[in-house]
Amino acid sequence: MLHTFVAYVEDLPGVLTRVASLFRRLNINISSLTVGRSEREGLSRLTLVCEASEVAGHRIRASLFKLENIVDVDDIAKAPNVTRELALIKVAATPRNRAQIFDLVEVFRARIVDLTSESLMIEMTGVESKIEGLIEVLREDDGRILEICRSGKMTMRRGHHTSSVLKAMGKAPDESSLQEDVTEDAAEANADVEPA
Amino acid sequence: MGRNANAKSAESHLTTPTRLTGAEIVWATLVGEGVTTVFGYPGGAILPVYDALRKFPIHHVLVRHEQGAAHMADGYSRASGKVGVAMATSGPGATNLVTGIATAMLDSIPMVCITGNVSSKVLGTDAFQEVDITGITLPVTKHNFLVNKTEDIAHAIRYAFQIAVSGRPGPVLVDITKDAQQGTAIFDFEAAKPRAYRPHPMLHVDESGLKHAAELIKNAKRPVILAGHGISESGAMEQVRTLAERAQIPVALTLLGLGSFPASHALNMGMMGMHGESWVNTAIQEADLLIACGMRFDDRVTGTPSTYALKAKKIHIEVDPAEVNKNVKVDVGLIGDLREVLEELLPRIAGRDGSAWLKTIESSKGAVSVHDIKNLPDSGHLYAAHVMHDLWRITGGDAIVATDVGQHQMWEAQYFHHETPRSLVTSGGLGTMGFALPAAIGAKMACPDKEVWVIAGDGGFQMTAAELSTIVQEKLKINIAIINNGYLGMVRQWQEFFYESNYESTPLVSPDFVKLADAHGIAGRAVTTRAEVAEAVNEARKAPGAFLLNFMVEKEDSVYPMIPAGNALHEMIRRPGKNPLVESADDE
């Protein structure tokens, strides 16, 4: 089954090596790994997707937590969540077929972020399947795609949820920074709205 | 400056923030952590630290190879329960520690290793004697640090000590660049205290788990306690004993569990697993409940997991959540410190009549135990079992025994009956040959008043025999028993059983160990008959200094019983009914 581990890791040299090393040792392929800053200074948020049995998933979570630089780990594949991926796609395009690609980009609610006489670059944010869909259609015309750059998955639980461990450590997100008027329902309703 | 003056000034560093060099901070922090002995080997990248040593009340043991330093720190920890400390220079000094660190990792031994590294300016440039030791030791340490700022040294070392002992213990490495050792910073021991340990989200004993476990114990007809290394690590000897006695549950021990439940106790069945007695393994296979205490269902104790204790429900009490359901699926996982969990569980356990089950186990012993070599009349041949038996008898079991890895290790486990925890120092998880001699040095440094024996094979002994010099330099009274059969015995046994007796590369030419000892200034003698064993052991014990006994034992004796790899726990190769070398042995 697919696991999505979300971990808060300390911003220190070698932390990603420790995480990757754990999967290497278990001979499990990481299908997606995304890391970036979190709401807390000094802590990065990591989203890691891999295929493993349920028992192995439990063990991976426990083993990840054993790493000293990991402050919290959660496996949220089964929880209601919002998942996004960013893709930059460079496509060969001449003035003659540009309009056709523009239409396609419109249908997929992506956008053009760079344009030259021979190529253009499409930026798309969405769930994996939607990005795959755009790529597939673009590929129908042989040789049109020049380069693809994808971010890997970013996942967040739906609703007003935050890590209990961060709370226990006094590291929970500052409550006052949350918008008071966003109730769980409202947040959930907003959650699946595709970005333009 | 005298030792007392050193102690006084070191103490003042701990209470008053003072400007010190990084090298001085290393020692001052170690003093603050209660360290009195460090095992190590100097070199260029750690020289500032060695230069500062004279100012601090710490005894440094100069080893002959850094692997020895790591094993000594490990043995020190196993014998005392304190954190052992090893020190080495950069490059080869650091890499030589790796086997010792891995040994400690696999057996969950709290240890701190401090290595020097090249200056931070040249870090990563392949400078002379530079190696990425934090990268190399990543998979074999619980955690490691690369420190390149003087002001970070105290915190890193204090943090390392905390990590080493918390939860499931393990080794931690602190790598310090030379410029960090040479720089100065304000040393504030209190301020360098690491943050409070984070709570583990998976580490909680829930009420329902305790209730379920108590219910399973109450209803079990054929329960067995599996006692592991976690018992001595968490100091749960008393609690395990109470559980066993109150509910009348027999106890089977892992190799590292030996000593955590008294060998002479009526409920002690002995060692389980690959070379455990057959009745122990049969009892586990027949059990309807296993209560695993601080053990991890290693493949050496389960045989093939798919055939392991299929009739039994399983309760696993374990501090490391990653171990629960790893090798064996359990019904109840109680995650937490063993002693604390048992203290919560015990009030829910009522007295229980276990006599029928105990009787069944007792009745399965008879036929097998008569084949114990030690019960057979002297045939003129010397068997390792005789040596172990006499060592146990003569010392009254009141000694710390450090073993190497191989046949002698299993014979020790079978014939030397350990009554107290921390009396067997042995490499279980990694199975490190060459462990015994340096580990015994560490154990003797930790427990100078205890009688310490090394039991090693002729193969493993040669891997770290250079540490004989360390024994002499430190004037240690350590007795050494070499079980010499001219083979890499355990490998030869596997070749005999599973590779058609093709003894490829296992016959072993050794030096005359007595002469080798003599060259180091250590007395010794060779022993070739059973009749001589007791006298030789007594001679060694009475000798004022270290003493080496070279026991020339039967060359092609094998360790029985044995579960061949890939077999179920009960599918054992039993002791042969008729040993051609032993007269009057009956069929089993």
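The values are calculated or read from the model by the stated rules, or taken from the named source; none is laboratory data. Here the structure is a predicted model, which is why all the values come from computation and not from measurement. As a convention, Cβ positions derive from the backbone with ideal geometry for all residues, glycine included, and neighbour counts pool all protein chains shown.
Contact annotation: residue pairs with Cβ atoms under 7 Å, 6 or more positions apart or on different chains, pairing a residue in the stretch B:159-173 that is on the phi < 0 side of the Ramachandran plot with a partner that is modelled with pLDDT under 95 and assigned to a loop (DSSP other than H, G, I, E, B), are B:Tyr159/B:Pro194; B:Gln162/B:Pro194; B:Gln162/B:Tyr197; B:Ile163/A:Glu68; B:Ser166/B:Tyr197; B:Arg168/B:Val319; B:Arg168/B:Asp320. Look at (1) touching a strand residue (DSSP E or B) at 6+ places or on another chain (Cβ under 6 Å); (2) away from every other protein chain (no Cβ under 14 Å) and you find that A:Arg109 fails only one, number (1). The condition of being under 30 Å from B:Thr134 (Cα atoms) and not in a helix (DSSP H, G or I) holds for A:Val71. Considering each residue of the stretch A:28-37 in turn, none proves to be within 13 Å of chain B (Cβ to nearest Cβ) and either surrounded by 14 or more Cβ atoms within 10 Å (Cβ to Cβ) or farther than 23 Å from A:Glu85 by Cβ (or both). In the stretch A:3-15, of all residues being out of contact with any helix residue (DSSP H, G or I) (no Cβ under 9 Å at 6 or more places or on another chain) and under 21 Å from A:Glu54 (Cβ atoms), the one that is nearest to the other protein chains (Cβ to nearest Cβ) corresponds to A:Val6. Here is the figure for the stretch B:133-192: residues that are farther than 21 Å from A:Leu67 by Cβ and basic (Lys, Arg) total 2. Within the stretch B:305-341, the residues that satisfy the criterion of being under 22 Å from B:Pro169 (Cα atoms) and among the small types (Gly, Ala, Ser) are B:Ala322, B:Gly333, B:Gly336. For the stretch A:77-84, check the following and say yes or no: at least one residue is touching an Asp or Glu at 6+ places or on another chain (Cβ under 9 Å) and among the hydrophobic types (A, V, I, L, M, F, W, C). Among the residues of the stretch A:77-84, at least one is touching an Asp or Glu at 6+ places or on another chain (Cβ under 9 Å) and among the hydrophobic types (A, V, I, L, M, F, W, C), which makes the answer yes. Considered as a group, the residues in the stretch B:323-346 that are at the interface with another protein chain (Cβ under 10 Å from one of its Cβ atoms) and in a loop (DSSP other than H, G, I, E, B) include one that is surrounded by the most Cβ atoms within 10 Å (Cβ to Cβ), and that residue is B:Val324. Of everything listed in (1) touching a residue at least 24 places away in the same chain (Cβ under 8 Å); (2) buried (at least 21 other Cβ atoms within 10 Å of the Cβ), the single unmet condition for B:Ala244 is (1). Within the set B:Gln409, B:Gln414, the sole residue that is in contact (Cβ under 8 Å) with a residue 40 or more places away in the chain and over 14 Å from the mean Cα position of the chain (by Cα) turns out to be B:Gln414.
Meeting the requirement of 1 or more residues that are modelled with pLDDT of 95 or more and under 20 Å from the mean Cα position of the chain (by Cα), the helices (runs of 4 or more DSSP H) wholly within the stretch B:41-109 are B:66-80, B:92-96, B:98-106. A single member of B:Ala164, B:Ala213, B:Ala180 is assigned to a helix (DSSP H, G or I), within 14 Å of chain A (Cβ to nearest Cβ) and crowded, with 24+ Cβ neighbours inside 10 Å, and it is B:Ala164. For the stretch B:406-417, a residue qualifies if it is outside any helix (DSSP H, G or I) and crowded, with 24+ Cβ neighbours inside 10 Å, and the qualifying residues are B:Gly406, B:Phe416. Within the stretch A:60-88, the set of residues being within 14 Å of chain B (Cβ to nearest Cβ) and without any contact (Cβ under 8 Å) to a residue 60 or more places away in the chain comprises A:Ile60, A:Arg61, A:Ala62, A:Ser63, A:Leu64, A:Phe65, A:Lys66, A:Leu67, A:Glu68.
For the stretch B:320-339, name all the residues that are farther than 19 Å from B:Leu255 by Cβ and either touching a residue at least 60 places away in the same chain (Cβ under 8 Å) or in contact with a Gly (Cβ under 9 Å, 6 or more places away or on another chain) (or both). Listed by number, the residues that qualify are B:Pro321, B:Val324, B:Asn325, B:Asp331, B:Val332, B:Gly333, B:Leu334, B:Ile335, B:Gly336, B:Asp337, B:Arg339.
Evaluation of B:Val140 against the conditions (1) within 14 Å of another protein chain (Cβ to nearest Cβ); (2) surrounded by 24 or more Cβ atoms within 10 Å (Cβ to Cβ); (3) farther than 17 Å from B:Leu30 by Cα; (4) not basic (Lys, Arg) shows that the sole unmet condition is (2). Exactly one residue out of B:Pro262, B:Pro201 is of a type outside the set (A, V, I, L, M), at pLDDT 95 or above, surrounded by 14 or more Cβ atoms within 10 Å (Cβ to Cβ) and assigned to a loop (DSSP other than H, G, I, E, B): that is B:Pro262. For the stretch B:529-564, what are the residues that are of a type in the set (S, T, N, Q) and surrounded by fewer than 16 Cβ atoms within 10 Å (Cβ to Cβ)? Result: B:Thr529, B:Asn538.
Among the candidates B:Asp320, B:Asp299, the residue that is at pLDDT below 95 and within 12 Å of another protein chain (Cβ to nearest Cβ) is uniquely B:Asp320.
Across the stretch B:123-140, a minimum of one residue is classified as under 16 Å from the mean Cα position of the chain (by Cα) and free of Cβ contacts under 8 Å to residues at least 60 places away in the same chain.
Of all residues in the stretch A:50-64, exactly one satisfies the criterion of being part of a helix (DSSP H, G or I) and among the acidic types (Asp, Glu), namely A:Glu54. When the stretch B:271-316 is limited to residues that are assigned to a strand (DSSP E or B) and free of Cβ contacts under 8 Å to residues at least 60 places away in the same chain, the one that is surrounded by the fewest Cβ atoms within 10 Å (Cβ to Cβ) turns out to be B:Lys314. Residues in the stretch B:495-533 that are farther than 22 Å from B:Gln462 by Cβ and under 27 Å from the mean Cα position of the chain (by Cα): B:Val533 alone. For the residues A:Arg18, A:Arg40, A:Arg25, the requirement of being more than 11 Å from chain B (Cβ to nearest Cβ) and either closer than 24 Å to B:Thr137 by Cα or surrounded by fewer than 19 Cβ atoms within 10 Å (Cβ to Cβ) (or both) singles out A:Arg40. Taking (1) farther than 18 Å from B:Ala154 by Cβ; (2) surrounded by fewer than 20 Cβ atoms within 10 Å (Cβ to Cβ) in turn, B:Pro17 satisfies each apart from (1). For the stretch A:44-59, filtered to residues that are touching a Lys or Arg at 6+ places or on another chain (Cβ under 8 Å) and within 11 Å of another protein chain (Cβ to nearest Cβ), the residue that is nearest to A:Ser129 (Cα to Cα) is A:Val55. Go through the stretch B:418-460 and report how many residues are under 14 Å from the mean Cα position of the chain (by Cα) and assigned to a helix (DSSP H, G or I). Residues meeting the conditions: 8.
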